Amino acid sequence: FGLGVTHQFVGATTMFANLGIGLSWERASVSSQEVDANGDLGDVFTWNESAIIGTLATSVMDMGLAGANVKYYMADSGLGSTADGFGFDLGLLINLGEIFTIGVNAADLGGSKITWDSGTQDT
């Protein structure tokens, strides 16, 4: 739509013994922004955010599946500031017969945080 917003994602999974293993990369950016660090019209810049996500999953006593993600976040404001940080997720799928499955997800356990090079933290 001409807004300069892009989103990219690539991922791969495989099985090893009784573990499902995944690795993915996600990136979002907003380009051609004409604002400086104070919010005034200024130079053109591009904001970028990326995440690398590692995933492990396994079956649990033939009752369901359990999985975990480790996420590494990276951000670049395009105005000279960068940030990075980690996040963790846990998930559980429980089979309740052949018709129903219940899923539970605990996202961003402990509060995913990124720390900017200035020391400021975002959650």
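Some observations on this one:
- Count of the range 78-90 residues which are surrounded by 15 or more Cβ atoms within 10 Å (Cβ to Cβ), within 16 Å of residue 109 (Cβ to Cβ) and in contact (Cβ under 8 Å) with a residue 24 or more places away in the chain: 3
- Check on residue 75, closer than 22 Å to residue 21 by Cα and surrounded by 12 or more Cβ atoms within 10 Å (Cβ to Cβ): no
- Whichever residue in the range 61-72 is more than 17 Å from the chain's Cα centre (by Cα) and in contact (Cβ under 8 Å) with a residue 12 or more places away in the chain and, among such residues, is surrounded by the fewest Cβ atoms within 10 Å (Cβ to Cβ): 63
- In this structure, residue 117 does satisfy being surrounded by fewer than 15 Cβ atoms within 10 Å (Cβ to Cβ), touching a strand residue (DSSP E or B) at 6+ places or on another chain (Cβ under 7 Å) and modelled with pLDDT under 95.
- Those residues of the range 40-56 which are of a type in the set (Gly, Ala, Ser) and surrounded by 16 or more Cβ atoms within 10 Å (Cβ to Cβ), in sequence order: 50, 51
- Of all residues in the range 47-72, those being in a strand (DSSP E or B), at pLDDT below 95 and either in contact with a helix residue (DSSP H, G or I) (Cβ under 7 Å, 6 or more places away or on another chain) or more than 17 Å from residue 105 (Cβ to Cβ) (or both) number 4.
To keep it simple, each residue is scored yes or no on (1) more than 15 Å from the chain's Cα centre (by Cα); (2) surrounded by 12 or more Cβ atoms within 10 Å (Cβ to Cβ); (3) without any contact (Cβ under 8 Å) to a residue 12 or more places away in the chain.
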site	(1), (2), (3)
58	yes, yes, no
100	yes, no, yes
103	yes, no, no
109	no, yes, no
112	no, yes, no
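The values are calculated or read from the model by the stated rules, or taken from the named source; none is laboratory data. In this text the structure is predicted, and so the values were computed from the model without any measurement. Counting neighbours? That spans all protein chains shown, and the Cβs are built from the backbone with ideal geometry, glycine included.
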